[in-house]
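The values are calculated or read from the model by the stated rules, or taken from the named source; none is laboratory data. This structure is a prediction, so every number in the text was calculated from the model and none was measured. So basically every Cβ, Gly included, is an ideal-geometry build from the backbone, and we count neighbours across all protein chains shown. For the accessible areas, the whole protein counts, side chains as well, though only heavy atoms, and no ligand, DNA or RNA atoms are used. Shrake-Rupley method; radii C 1.70, N 1.55, O 1.52, S 1.80 Å.
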Amino acid sequence: MLSILIPTYNYDTFSLAQSIHEQAIKANITFEILVYDDASSNWISNNDKINNLEHAKFKLLKQNIGRSAIRNLLANDAKYTWLLFLDADTKIINENFIQVYLNEIKNTSNQIVYGGICYQKDKPNNNQMLRWVYGNKREALSLSNRNKNPYLRFLTLNFLAKKDVFDTIKFNVDIPNLRHEDTLFALDAKKNNINIKHIDNPVLHLGLELSETFLKKSEQALDTLHLFVKQKLIEPQDTALSKYAKSLIKFKLHYLLTVVYWIFKTPIKKHLLKNNPSLILFDFYRLGYYLNLSK
């Protein structure tokens, strides 16, 4: 009935597998839990305890294949009709988490169901504030806000999909392993008239990165977005940032903004790494970075 699929890399995933296992047993369903490790060097012995759980399997890959490929591999190896994907750095906070998804399975019109994400309410360390602020303001959205743009508000860390639907679109393994695989997956679903339903069944995101790390990954994501737009894998209007950048380029305003970006780049970056980062400045930084690539 249900294959629960968890890709992991250098992360202690046993507690997540154990909690989801308890809920699946309680629900009295046919299930399996597959945890595939993308050639990690840490937490292997602890994650190997997953093999002691009934209907669960931990597998360490011999070489790193990337986020898209490991998800496709998990889906390919899955035995059951429905696939539930969870990221390793999440925590189940709803004691009826599995049951909520089982209720969605009963609705045969559902093809992909996204449960959502939330972040800790308490402020983290000062050097993790940018990731925390961004996550709370831009990712941990209410159900009504997510439904305003269901495809671009989709994240791959907590979603249910029919196996035959996943076989139709899969994750793109030809792209750089630098983010936006979830964007492409959602847009491919849209192109194939596959519905993404949003529900209120979030997981707690645990993997708060250092602000400096998150900023670097954000730059890498912009590199990837620029490449995808250039290769026409993503249309400029598909994301808010690329759409706005296209408008600025159209009216020749990007030259001025790029100059301002270079003048203020260093002080803005320093601000973003402090304990009270402004998302307005973060958006400006990202837009300036993207426009500079477009030169």
Restricting the search to the stretch 72-94, which residues are closer than 18 Å to Leu157 by Cα, in contact with a helix residue (DSSP H, G or I) (Cβ under 8 Å, 6 or more places away or on another chain) and either at pLDDT below 95 or not aliphatic (A, V, I, L, M) (or both)?
-> Trp82, Phe85, Thr90, Lys91, Asn94
Per the filter on the stretch 30-49, residues under 21 Å from Leu160 (Cβ atoms) and crowded, with 17+ Cβ neighbours inside 10 Å are Phe31, Glu32, Ile33, Leu34, Val35, Tyr36
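If we keep just the residues of the stretch 140-160 that are without any contact (Cβ under 8 Å) to a residue 60 or more places away in the chain and outside any loop (DSSP other than H, G, I, E, B), which is least open to solvent (accessible area, probe 1.4 Å)? So that I can check it myself, show each step before the final result.
Restricting attention to the stretch 140-160, the residues satisfying the condition of being without any contact (Cβ under 8 Å) to a residue 60 or more places away in the chain are 141-151, 153-155.
Keeping just the survivors that are outside any loop (DSSP other than H, G, I, E, B) gives 143-147.
Details: Leu143: 61, Ser144: 77, Asn145: 63, Arg146: 7, Asn147: 80 Å².
Among residues in the stretch 140-160 that are without any contact (Cβ under 8 Å) to a residue 60 or more places away in the chain and outside any loop (DSSP other than H, G, I, E, B), the one least open to solvent (accessible area, probe 1.4 Å) is Arg146.
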Answer yes if at least one residue in the stretch 114-123 is under 21 Å from Ser211 (Cα atoms), over 21 Å from the mean Cα position of the chain (by Cα) and part of a loop (DSSP other than H, G, I, E, B), and no otherwise.
-> yes
Return yes or no: is Ala186 open to solvent by less than 20 Å² (accessible area, probe 1.4 Å), within 30 Å of Asn96 (Cβ to Cβ) and not charged (D, E, K, R)?
-> yes
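Could you tell me whether Gln18 is surrounded by 14 or more Cβ atoms within 10 Å (Cβ to Cβ) and either without any contact (Cβ under 8 Å) to a residue 40 or more places away in the chain or in contact with a Ser or Thr (Cβ under 7 Å, 6 or more places away or on another chain) (or both)? Step through it out loud before you land on a result.
Details: surrounded by 14 or more Cβ atoms within 10 Å (Cβ to Cβ): yes; either without any contact (Cβ under 8 Å) to a residue 40 or more places away in the chain or in contact with a Ser or Thr (Cβ under 7 Å, 6 or more places away or on another chain) (or both): yes.
Judged against the criteria, Gln18 is a match.
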Could you please find all residues in the stretch 235-274 being at pLDDT below 95 and under 24 Å from Asn136 (Cα atoms)?
-> Asp238, Thr239, Ala240
Of the residues in the stretch 210-229, those that are open to solvent by less than 60 Å² (accessible area, probe 1.4 Å) and in a loop (DSSP other than H, G, I, E, B) come to none
Subset of the stretch 275-294, residues touching a His at 6+ places or on another chain (Cβ under 8 Å), over 21 Å from Asn136 (Cβ atoms) and not polar (S, T, N, Q), comes to Tyr290, Leu291, Leu293
Counting only residues that are over 19 Å from Lys79 (Cα atoms), touching a strand residue (DSSP E or B) at 6+ places or on another chain (Cβ under 7 Å) and not in a helix (DSSP H, G or I), how many does the stretch 1-24 have?
-> 3
When residues of the stretch 245-295 are limited to those that are among the hydrophobic types (A, V, I, L, M, F, W, C) and not in a helix (DSSP H, G or I), the one most open to solvent (accessible area, probe 1.4 Å) | Phe251
Failed condition for Lys232, given (1) open to solvent by less than 80 Å² (accessible area, probe 1.4 Å); (2) modelled with pLDDT under 95 | (1)
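Listed residues Leu83, Leu102; which is surrounded by 15 or more Cβ atoms within 10 Å (Cβ to Cβ), of a type outside the set (D, E, K, R) and in contact with a Ser or Thr (Cβ under 7 Å, 6 or more places away or on another chain)?
Numbers: Leu102 fails: in contact with a Ser or Thr (Cβ under 7 Å, 6 or more places away or on another chain).
The conditions single out Leu83.
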Here are some residues: Gly135, Gly207. Which one is in a loop (DSSP other than H, G, I, E, B), open to solvent by less than 30 Å² (accessible area, probe 1.4 Å) and more than 30 Å from Thr30 (Cβ to Cβ)?
-> Gly207
Restricting attention to the stretch 143-189, the residues that are acidic (Asp, Glu) and under 19 Å from Pro202 (Cα atoms) number exactly 1
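From the residues in the stretch 201-239 that are charged (D, E, K, R) and without any contact (Cβ under 8 Å) to a residue 60 or more places away in the chain, which one is farthest from Lys269 (Cα to Cα)? Even if it seems obvious, please write down each step before you answer.
Pass one, the stretch 201-239, residues charged (D, E, K, R): 209, 212, 216-217, 219, 223, 230, 232, 235, 238.
Of the ones still in play, those that are also without any contact (Cβ under 8 Å) to a residue 60 or more places away in the chain are 216-217, 230, 232, 235.
On the way: Lys216: 11, Lys217: 14, Lys230: 27, Lys232: 30, Glu235: 28 Å.
Among those residues, the one meeting the criterion is Lys232.
Just to verify a result, which residue in the stretch 173-183, among those that are over 15 Å from the mean Cα position of the chain (by Cα) and surrounded by fewer than 19 Cβ atoms within 10 Å (Cβ to Cβ), is farthest from Lys91 (Cα to Cα)? First the steps, then the outcome.
Filtering the stretch 173-183 down to residues over 15 Å from the mean Cα position of the chain (by Cα) leaves 173-176.
Remaining after also requiring surrounded by fewer than 19 Cβ atoms within 10 Å (Cβ to Cβ): 173-174, 176.
Values: Val173: 27, Asp174: 30, Pro176: 28 Å.
By that ranking, first place goes to Asp174.
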